[in-house]
Amino acid sequence: MEIGIFGGSFNPIHNGHIALAETFLKEALLDEVWLMVAPQNPFKINQQLLEDAKRFELAKEALINYPHLVASNYEFSLPKPSYTWNTLQQLAISYPLHNFTLLIGGDNWQAFDRWNHAEDILANYQICVYPRKDDTFDETSLPKNVRCLHAPLLNISSTMIRERVQLEKPINDLVPENIVRKIELYYK
């Protein structure tokens with residue numbers, strides 16, 4: 001199977017994540033996209049996160065109507081922080097018949113040279129880069145196994161959702177309807 005790996009904190013998951021995963025699925029010609037709920041991003045060591053199990057639960061429930069999008073807690077059993085190279089190596093052992101393509105944001109692409117085993121990832125995996133509003137890089141200068149994902153930019157962030165919950169503002173248009181109440185409960 002052709003599997004896309006879309007890693008993130010998903011603190012919480014929202015409609016923008018889901019729309020991006022669906023675009024990734026189609027543009028990269030994948031069988032599934034695994035939204036890999038990360039226990040700890042090495043670049044965000046001091047980030048305050050909702051507990052792992054609850055973020056995974058929300059992601060799993062949010063994706064219930066998307067058969068080709070899968071919430072994954074695979075990294076929960078790996079050493080922290082979550083280095084993408086380690087995750088990809090373990091996935092290759094656990095799923096030897098699958099091919100994995102990595103989705104990263106344009107901000108991560110611009111810092112990619114600082115990633116653990118960046119050269120190994122580049123040498124062994126396809127990468128799709130999702131440019132965000134302020135990202136500046138030359139798409140024509142990307143390595144042959146790296147390409148841009150052309151998806152509509154949805155102005156939604158997990159930070160925005162957490163702030164709205166704190167202010168008791170509605171989030172119904174930002175997240176799947178079936179997880180609104182849990183997000184409101186977990187992030188108050």
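A few remarks follow.
- Å² of accessible area per residue within the chain, as computed with a 1.4 Å probe and no ligands counted: 54
- Sulfur and carbon atoms: percent of accessible area, the range 93-178 [1.4 Å]: 47
- Against the chain, whose longest principal axis comes from its Cα atoms, helix 15-27 is set at around 30 degrees.
- Working from label points 7 Å from Cα in the Cα-to-Cβ sense, the Lys169 to Asn124 distance is 4.4 nm.
- Principal axis dimensions, the chain - Cα atoms, whole angstrom, descending: 47, 34, 34
- Accessible carbon and sulfur surface of the range 1-85 relative to its total accessible area, %, 1.4 Å: 52
- Counting only alpha carbon atoms, the long axis of helix 52-62 and the longest principal axis of the chain meet at about 90°.
- Calculated from backbone phi, Karplus (6.51, -1.76, 1.60) coupling profile of the range 174-184 in Hz, x at Gly/Pro: 10, 9, x, 4, 6, 10, 3, 4, 5, 4, 4
- Taking the range 120-188 and dividing mean pair separation by its residue count, relative contact order in percent (alpha carbons under 8 Å, at least six apart): 25
- Evaluated at q = 0.22, 0.27, 0.28, 0.34 Å⁻¹, the base-10 log of the normalised Debye intensity for the range 127-166, with identical point scatterers placed on the Cα atoms, takes the values -0.77, -0.95, -0.98, -1.17.
- Each Cα pair under 8 Å and six or more residues apart adds its sequence gap; the mean of these over the residue count of the chain is a relative contact order of 26 percent.
The values are calculated or read from the model by the stated rules, or taken from the named source; none is laboratory data. This structure is a prediction, so every number in the text was calculated from the model and none was measured. Glycine gets a Cβ as well: all are built from the backbone with ideal geometry, and neighbour counts include every protein chain shown. The accessibility values were calculated without ligands, DNA or RNA, using every heavy atom of the protein model including side chains. Shrake-Rupley method; radii C 1.70, N 1.55, O 1.52, S 1.80 Å.
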